[in-house]
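Following: one structure in structure tokens, then a few remarks.
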């Protein structure tokens, strides 16, 4: 049985938030690296339902900072709320819509995941997962 997008997001988040995560190793775990643009690794994903993954490192280390995923089929804000709970709203930035910000725990004891989804419509095909230290 294929994984749901929510299951895939949780799996990617678990990998991203591990204390030993390294950008290149993480990208290779998620699929096949096909291009490096500056420090960002473009990945052909191994997951059904995801068409592209970009893995971005932290500015000062090889630890990953963010992962952007492009979905083959849009996911609704209601589906994200059902899976991850209530969200905070970020303010809009120049040429960018406000985002729903979902913070959730993973299997990591050192980091948590923050899922971001644009709020310019009721559904999206782009999600960003950020790796944050647990305070």
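Readers should treat all values here as calculations from the given coordinates under stated rules, not as data from a laboratory. Model, not experiment: these values are computed from the prediction. Every residue, glycine among them, receives a Cβ derived from its backbone with ideal geometry; neighbour counts consider all protein chains shown.
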Only Cα pairs within less than 10 Å get springs; with that Gaussian network setup on the chain, which residue of 31, 49, 85 has the largest fluctuation? 85
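Classify the range 1-42 as rounded, prolate or oblate, taking a ≥ b ≥ c as the square roots of the eigenvalues of its Cα gyration tensor: rounded when a/c is under 1.5, otherwise prolate if a/b is larger than b/c and oblate if not. Intermediate values should be presented prior to the final figure.
Numbers: a/c = 2.59, a/b = 1.48, b/c = 1.75.
Oblate, because a/c is 1.5 or more while a/b does not exceed b/c.
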Length released on extending from residue 90 to residue 78, taking residue separation times 0.36 nm less the Cα-Cα span: 2.6 nm
For the range 20-131, averaging the sequence separation of alpha carbon pairs under 8 Å that lie six or more residues apart and dividing by its residue count, the contact order in percent is 19
Which residue fluctuates the most in the chain, going by a Gaussian network model with Cα springs under 10 Å, if the choices are 97, 118, 64? 97
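Could you put 48, 63 in order, starting from the residue whose Cβ has the fewest other Cβ atoms within 10 Å?
Least crowded to most crowded, the residues run 48, 63.
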Is the shape of the range 5-133 rounded, prolate or oblate, going by the alpha carbon gyration tensor and its root eigenvalues a ≥ b ≥ c, with a/c under 1.5 for rounded and a/b larger than b/c for prolate? rounded
Report the residue, chosen from 33, 69, 53, that carries the largest GNM mean-square fluctuation when the chain is represented by alpha-carbon nodes joined by springs under 10 Å. 33
Neighbour counts of other C-beta atoms within 10 Å: give me 50, 8 arranged from fewest to most. 8, 50
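With a ≥ b ≥ c the root eigenvalues of the C-alpha gyration tensor of the range 54-97, is it rounded (a/c under 1.5), prolate (a/b larger than b/c) or oblate?
Details: a/c = 1.87, a/b = 1.52, b/c = 1.23.
It comes out prolate by the Cα gyration axes.
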